[in-house]
1. Less than 10 Å Cβ to Cβ from Cys31, Lys/Arg counted +1 and Asp/Glu -1: what total charge do the surrounding residues give?
2. With springs only between Cα atoms under 10 Å apart, run a GNM on the chain and tell me which of Ser168, Ser79, Ser71 wobbles the most.
3. Got a sec? How would Thr60, Thr12, Thr203 order by Cβ neighbour count within 10 Å, fewest to most?
4. Sort Lys136, Lys56 so the one with the fewest other Cβ atoms within 10 Å of its own Cβ comes first.
5. From the C-alpha gyration tensor of the chain, pull out the three semi-axes of the equivalent ellipsoid (sqrt of 5λ each), sorted largest to smallest, in whole Å.
6. Please give me the summed charge of the neighbours of Asn80: other residues whose Cβ is under 9 Å from its Cβ, Lys and Arg +1, Asp and Glu -1.
7. Quick one: grab the alpha carbon gyration tensor of the range 120-233, order the square roots of its eigenvalues as a ≥ b ≥ c, and give me rounded if a/c is under 1.5, else prolate or oblate depending on whether a/b is larger than b/c.
8. Summing Lys, Arg as +1 and Asp, Glu as -1, what charge do residues with Cβ under 9 Å from the Cβ of Leu114 carry, Leu114 excluded?
Amino acid sequence: MSEHYAFTPPATVSVPVVGRAQRFPVHRIYCVGRNYEEHAKEMGFTGREPPFFFLKPADTVVVAEPGQTASTPYPSLTSNLHHEIELVVAIGTGGKNIQAADAAKHIYGYAVGLDMTRRDLQGEMKKQGRPWCIGKAYDHSAPIGPITLAAEAGDVNNAAIWLQVNGSDRQRSNANKLIWNVAETIEHLSAAWELQPGDLIYTGTPEGVNAVVRGDTLVGGVDGLTPISMSIG
Ligand code: MN
């Protein structure tokens, strides 16, 4: 029992860091929408638009511990649960109005994440001009693998990004096809919110998003980072 709080506060959500005992405590989860041209096209859009963002609560994170397959329940209310494999940026030093040229100084590391999406609910909200929360920010919607320190991650801006479901290719592209690259995304994002240590940025997904069902196993990666493995329970 806590004397100070009305009830015991929830534990801090954290992500393991490759080669380190200390974990990365999560503050906020920002996500970039339609940030690969071929994915924008498959969602019915074309052309370069200014980046736009949505958020997921920190406690939607599902951690895939190193060498393990995480398990997430199939969520309620949907019959069209989609995978979106994404390069995730972990912010180590906060700031606002960060220029793209200075963005690297703010990056702690990188991970592979899944922006899981109740596509049918998101689509209905889009049609009605309502917020995406119910489609995007549901419980367990932000699986993530271990974070690799930026200095050890290689050239993530030119790394292959891929996802297999039950061993078959679903998504395969390269992070160099991001419409707004990592540095530009940090510039735009930090103009709208003051970034804090512990923030995660899901940078967007390439084409090939599709449905998964109970019993499926998803394995995804970004070259140079620890892959993520997750099953749908
Ligand atoms: Mn996404």
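We did not get these values from a lab; they are worked out from the coordinates using the rules stated. These numbers come from a predicted model, not from an experiment. For neighbour counting, all protein chains shown are included, and Cβ atoms are generated from backbone atoms with ideal geometry for every residue, glycine included.
1. On the way: positive: Lys56, Lys136; negative: Glu84, Glu86, Asp115.
Residues near Cys31 contribute -1 overall.
2. Most flexible of the set in this elastic network: Ser168.
3. Values: Thr60 19, Thr12 12, Thr203 27.
If I rank by nearby Cβ atoms, fewest first, I get Thr12, Thr60, Thr203.
4. Working: Lys136 25, Lys56 22.
The most exposed by this proxy come first: Lys56, Lys136.
5. Numbers: eigenvalues 110, 98, 77 Å².
Square roots of five times the eigenvalues give 24, 22, 20 Å.
6. Details: positive: Arg118, Arg119; negative: Asp120.
Neighbourhood net charge equals +1.
7. Values: a/c = 1.65, a/b = 1.06, b/c = 1.56.
Note, shape of the range 120-233 comes out oblate.
8. Numbers: positive: none; negative: Glu84, Glu86, Asp115.
Combined, the nearby Lys, Arg, Asp and Glu give -3.
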